[in-house]
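Inspection log for the structure reproduced underneath, given as structure tokens.
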Amino acid sequence: MVAGEASGDMLAAHLMGALAARRPGLHFSGIGGPRMIAQGFESYSPMDKLGVRGYAEAFRHYRELAGIRRQLAARFMAERPAAFIGVDASDFNLDLARKLNDAGIPAIQYVSPSIWAWRGWRLKRVVRSVCHLLALFPFEPALYEKTGLQVTYVGHPLADLIPMEPDKAGARNELRVPPGKRVVALLPGSRRSELHHMADLFVKTARRLLQDLPDAYFVVPTASRATRELFQLSLRRNDAAGLPLSLLFGHPHEALGAADLALVASGTATLEAALIKTPMVITYKQSALSWMVMRRMGYLPYVGLPNILAGEHLVPEFLQDKATPGALANALLELLHDAGAQRRQIAKFHEIHVLLRQDTARKAAEAVLGVIDAGH
């Protein structure tokens, strides 16, 4: 198995537990994070090394990433595992999967690349690389229908793990939020490359928001020691050490559960916020080169998962040059004072939760064991 970031670590650990329960004695190895390792996973390289997002960033790290992939391929070829599961991180995993699949080691991709957002070249790459795909979203199997690739819709494990009704009071007690505050969750990303582009934006937005909302209190979950340090550096750099803020190590669900609203970097965290029923604003910034490439590739009119699943501009999005502290602070204030907009978001978030709650671990484990038992 190979997972490349915090969300993949969660997905893989969830699947590992279900597989181990059905097939005792399985051994899991490759690259993984703390949740996988806590379940006995043998990680050959730190997961953080794969946490690169954006074309420019990936190009800068290409030699190191290619070296890691070559070493993994050689090791897996020698070990001949029963199956390889690439967990998200398709830019890294699909080339590795194709080598292994061609060598007779069944390769499974858990999480489809965003072929619904990009032009079809990614679909062809998936079909060439793996023998089975585990899809998180209900519209994805139809996209592969004519390719012959086996696709199983498994739903999203977060929809199983997160309660349908959030416990805001419990989350605030757990995080020891001072009473009488308007709580704003800030989630600037789980990768170092994301913090590089967005930490200052989030800190400056918090400072602007505090000017108009003096009773604001910010909670900031961080995914790793590295991202926590980058956010702390941004606080000092922007003379914001005095912000009323709780910087957390982990605990994104508690932070979102405690919040009246959230500012979230586009990615899995937007889905977490939706499942926790927290009204939000979505933003994203990356290098100018990565943004230029993405725009040319024909991305959808919206990028946040809640908007893609809703099929509409439900959640405000501010991307790249439009993502300024003033614009984000204004959007958060507008949302805070618009009870109707909050109700619309929450009602649609409930619908998304029901749609994605599929007993994912069971479905994914049964599909994986089906591939293993069939020998391909």
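The values are calculated or read from the model by the stated rules, or taken from the named source; none is laboratory data. In this text, all values refer to a predicted model and were calculated from it rather than measured experimentally. Methodologically, a virtual Cβ is constructed for each residue, glycine included, from the backbone with ideal geometry; neighbour enumeration extends over all protein chains shown. Calculation scope for accessible area: heavy atoms of the full protein, side chains included, ligands and nucleic acids excluded. Shrake-Rupley method; radii C 1.70, N 1.55, O 1.52, S 1.80 Å.
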- Which residues' amide hydrogens lie under 5 Å from the amide hydrogen of residue 28, considering only partners 5 or more residues apart or on another chain, with H built in the peptide plane? 42
- Cut-off of 10 Å, at most 13 other beta carbons, DSSP loop: longest stretch of the chain lacking such trypsin sites (Lys or Arg not before Pro): 177-376
- Gain in length, residue 338 to residue 102, computed as 0.36 nm per residue apart minus the alpha-carbon separation, to one decimal in nm? 79.5 nm
- Query: Remind me, what semi-axes does the chain give for its equivalent ellipsoid, largest first in whole Å, using sqrt of 5 times each Cα gyration tensor eigenvalue?
  - Reply: 35, 22, 20
- Note on the structure: The long-range amide H neighbours of residue 245, using H built 1.01 Å from N in the peptide plane and a cut-off of under 5 Å, are 218
- Message: If you average the C-alpha positions of the stretch 26-43 and of the stretch 94-115 separately, how far apart do those two centres end up, in angstrom?
- Response: 19 Å
- Message: I'd like to check one number: the per residue accessible area of the chain, probe 1.4 Å, reported in Å² as a whole number.
- Response: 44 Å²
- Task: In whole Hz, with x marking every Gly and Pro, tabulate ³J(HN,Hα) for the stretch 197-212 from phi via Karplus 6.51 cos²θ - 1.76 cosθ + 1.60, θ = phi - 60°.
- Result: 8, 10, 4, 4, 4, 5, 5, 5, 5, 4, 5, 5, 4, 4, 4, 9
- Query: Roughly how tilted is helix 325-336, in degrees to the nearest 10 and between 0 and 90, from the longest Cα axis of the chain?
  - Reply: 80 degrees
- Mean Cα-pair separation over length for the chain, i.e. relative contact order, pairs under 8 Å, 6 or more apart, %: 18 percent
- Message: Please compute the length gained on full extension between residue 215 and residue 145, using 0.36 nm multiplied by the number of residues separating them and subtracting their Cα-Cα distance.
- Response: 20.0 nm
- Task: Calculate one ³J(HN,Hα) per residue across the stretch 347-358 by plugging θ = phi - 60° into the Karplus curve 6.51 cos²θ - 1.76 cosθ + 1.60, and present them in order as whole Hz with x for glycine and proline.
- Result: 4, 5, 4, 4, 4, 4, 4, 4, 4, 8, 7, 10
- Rank 186, 114, 206 by how far each Cα sits towards the positive end of the charge dipole of the stretch 102-221 (+1 on Lys, Arg Cβ; -1 on Asp, Glu Cβ) and give me just the farthest. 206
- Residues in the stretch 226-251, backbone N under 12 Å from the label point at residue 176 (7 Å along the Cα-to-beta-carbon vector): list them, ranges by number please. 246-247
- Can you list residues whose amide H is under 5 Å from residue 285's amide H, if they're 5+ apart or on another chain and H is modeled 1.01 Å from N? 320
- With all protein chains present, how much of the accessible area of the chain (probe radius 1.4 Å) comes from carbon and sulfur, to the nearest whole percent? 52 percent
- Item | Rounded to whole Hz, the Karplus (6.51, -1.76, 1.60) HN-Hα couplings of the stretch 3-8, x for glycine and proline | 10, x, 7, 4, 5, x
- Item | Cβ charges +1 (Lys, Arg) and -1 (Asp, Glu), total dipole of the chain, debye | 820 debye
- About the Cα centre of the stretch 121-273, what is the dipole size in debye to 20, counting +1 per Lys and Arg Cβ and -1 per Asp and Glu Cβ, all else neutral? 660 debye
- Item | Alpha carbon convex hull of the stretch 101-191, projected area averaged over orientations, nm² | 9.3 nm²
- Item | Potential lengthening between residue 237 and residue 373 on full extension [0.36 nm per residue; Cα-Cα distance subtracted] | 43.4 nm
